[in-house]
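Each remark here refers to the structure printed beneath this line.
Every number here is computed from the coordinates shown, using simple stated rules; none is lab data. Everything numeric in this text was worked out from a predicted model, so none of it was measured. FYI the Cβ positions are ideal-geometry reconstructions off the backbone, even for glycines, and counts take in every protein chain you see.
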Amino acid sequence: MEKEEAMKSIYSSFNVMTLICSILWLSSCALLNSQPINADHVSRTEITDDEISEASGLASSRINNGILWIINDSGNSPVIYAVKTTGERVGTVRVVGVKNNDWEDLASFEIKGKSYLLVADVGDNKAVRPQANLYVIREP
């Protein structure tokens, strides 16, 4: 029994390390393609949409200038919101077939000229989840 528990622990640690490496790799890809921010053009925007009540991830659209993608944290619907940089929601995308267990982050990236969004369902405040999930969808 001890050997089985040790193997589960090793497998779990491997999954966590694989997940962390994947997120870091995708983040570095996004940084390679990003443009420097001109401080003269930075502004503050308030999002007052009632459906975006616990935003936990934000990513810039790679195909629609001025659009940001936002996700809510745990307990909310598996939905990604499209929001203008003014804070106005302009669209909603439901991710079918998944649950928002504890969505924590969102990234946008490109592979072979196609844009994707990556949702990281990795939250685990009580360290009880047996697995974490990464959902990759084509950017609408």
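Below is a table of values for the structure above.
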quantity: Residue ID - farthest from W103 (Cα to Cα), chosen from residues in the stretch 40-60 that are among the hydroxyl-bearing types (S, T, Y) and assigned to a strand (DSSP E or B); calculated: S60
quantity: Subset of the stretch 99-133 [under 16 Å from G75 (Cβ atoms) and more than 14 Å from the chain's Cα centre (by Cα)]; calculated: D124, N125, K126, V128, R129
quantity: Criterion (of a type in the set (V, I, T) and surrounded by 11 or more Cβ atoms within 10 Å (Cβ to Cβ)) met by exactly one of V96, V122, V128; calculated: V122
quantity: When residues of the stretch 61-73 are limited to those that are surrounded by fewer than 16 Cβ atoms within 10 Å (Cβ to Cβ) and touching a residue at least 40 places away in the same chain (Cβ under 8 Å), the one farthest from W103 (Cα to Cα); calculated: I63
